[in-house]
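One structure is given below, encoded as C-alpha cells.
The values are calculated or read from the model by the stated rules, or taken from the named source; none is laboratory data. Everything numeric here is computed off the predicted structure, so don't read it as measured data. Cβ sites come from the backbone with ideal geometry, for glycine too, and all protein chains shown count toward neighbours. SASA here: full protein model, heavy atoms, side chains in, ligands and nucleic acids out. Shrake-Rupley method; radii C 1.70, N 1.55, O 1.52, S 1.80 Å.
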Amino acid sequence: MKASLKGRYTNDQSTAVVTLAVNTGDVKLLASMSDATIVKGTRLNNLTLTVEKPGTFNIDYDVPKKDFRFQFMNLIWVAEKPLKLTYNHDHGGNQTVMDGALVLDSTNKVSANYMFGTRNLKVKYSYVHGGVSVYEPCYDLGKNAWDFSVSRRVFDDVFKATYQSWSRDFAFEWSRNSNLNGTFKISATINMDGESKVPKIFAESTWDMDM
C-alpha cells in the first residue's frame, strides 16, 4: 500500500489531500479524502474512491455527492505516428471532453481539446528545443484568442511562463519533481488589466510513502 499527502495553498485558502493506493495486479484501488479548509478546522468532507488501470481507464466516485466521473485512454497510429486519445465524462456536470495528442517526432506535437455540445475547442502546438525548452502556442476557438507558454528545465526544476490574451493573465510557475524530496509547484498569476497588481499565489507539494 502506498500513501500520498498533498498540500495546497492559495492567497485565501489552504487544503490537504490524503490518498491511499492499493495495487491489485494491473488495477489500482485508491481512496482520497480532503479536509474542507485547514484554516477553519480539520473537517473531513470529501471522499473519492477510484478504480484505475494506468494508461487505459480510471473511474472516480464522489461518495458525498453520489456522483461519478470516468476517463478512457487509447493509443492509435496515424501515418505511423502515435495519436493518444482521452475521453472524459463528468456525470454530475453533464460534460464530455475529448483530448487528442499527435506526436509528430521527438520535438513536435499537436494536441486538441474539445468539449462536446459547445464551441470550446483548443488546438495547441508544442515544440521542444534542445531537449530543455518547450514553446507552446495555443488557439482557443471558443474565445477566438491565443495563449502562449514557454518553459525551461534546469536539472530537476522547471520554470514556466504563460500568457492568456483573452483574460490578460500572466503567470509564472516553478516546479520540481524529486524522488528524494517529493514534488512541489509554486505559481503566481497577475491580471494585466486589473487595478490590483497583487499576484494570486498557488503552492502545492506532494509527499509519497510506502506503508
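Here are some notes:
- For segment 84-123, a residue qualifies if it is open to solvent by 50 Å² or more (accessible area, probe 1.4 Å), closer than 20 Å to E136 by Cβ and of a type in the set (A, V, I, L, M, F, W, C), and the qualifying residues are L85, M98, L104, V110, L121, V123.
- Where a residue in segment 94-109 is farther than 16 Å from G131 by Cβ and touching a residue at least 12 places away in the same chain (Cβ under 8 Å) and its partner, wherever it lies, is assigned to a loop (DSSP other than H, G, I, E, B) and among the aromatic types (F, W, Y), with Cβ under 7 Å and at least six apart: T96/F116
- Hits in segment 150-181 (condition: over 13 Å from C138 (Cβ atoms), over 19 Å from the mean Cα position of the chain (by Cα) and of a type in the set (F, W, Y)): F155
- The test for being part of a strand (DSSP E or B) and over 19 Å from the mean Cα position of the chain (by Cα) does not hold for L102.
- Considered as a group, the residues in segment 36-62 that are in a loop (DSSP other than H, G, I, E, B) and at pLDDT below 90 include one that is nearest to the chain's Cα centre (by Cα), and that residue is I38.
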